[in-house]
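The values are calculated or read from the model by the stated rules, or taken from the named source; none is laboratory data. Please read these numbers as outputs of a predicted model, since none were measured by experiment. When we count neighbours, we look across all protein chains shown, and the Cβ atoms used for this are built from the backbone with ideal geometry, even at glycine.
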């Protein structure tokens, strides 16, 4: 295993008196982001040409396939996407007839989104492809490794990342 992708537990940790230097290939946020991007691009190859969908468009359709009648802000929150990116993708999906916008049945001032019949049909075609790709990825991990990965991801996802500060930030 190269030093570049050395497991986190095996990496020497810098001492407080040493100068630290960021080694990007070992930096956890970078590794998570690049892995996510690689996986997203691979899945996108399964649907982009056939259905003419971008990654943000598919993420929105996936969320709305699971939960309907969400506002654009709620979609942005659930996908962790930038609100501007969500707004642009929603506009494209509305123009393509894959989404519908209507007022909430509980609050007539609130605009919500849902998959159109065409959007729902596309969702039903893509979902098995996405699930098959996930199964292919997970097949490379033992059941124990899959459980550990799920546990670790849940722990990281449950952190209040906005509140975490480095020791340097806490001193101010």
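Details
- Answer residue from the range 119-136, given it is modelled with pLDDT of 95 or more and surrounded by 14 or more Cβ atoms within 10 Å (Cβ to Cβ) and is nearest to residue 50 (Cα to Cα) among those: 122
- Residue 12 falls short of the stated requirement of being over 22 Å from the mean Cα position of the chain (by Cα), modelled with pLDDT under 90 and either surrounded by 12 or more Cβ atoms within 10 Å (Cβ to Cβ) or closer than 29 Å to residue 131 by Cα (or both).
- Among the residues making up the range 88-115, those that are within 17 Å of residue 56 (Cα to Cα), free of Cβ contacts under 8 Å to residues at least 24 places away in the same chain and surrounded by fewer than 16 Cβ atoms within 10 Å (Cβ to Cβ) are 91, 94, 95, 97.
- Count of residues meeting criterion [in contact with a helix residue (DSSP H, G or I) (Cβ under 9 Å, 6 or more places away or on another chain) and not in a helix (DSSP H, G or I)] in the range 24-63: 2
- Of the residues making up the range 80-90, one or more are in a loop (DSSP other than H, G, I, E, B) and under 11 Å from the mean Cα position of the chain (by Cα).
- Qualifying residue in the range 117-129 (condition: more than 20 Å from the chain's Cα centre (by Cα), part of a helix (DSSP H, G or I) and over 17 Å from residue 61 (Cα atoms)): no
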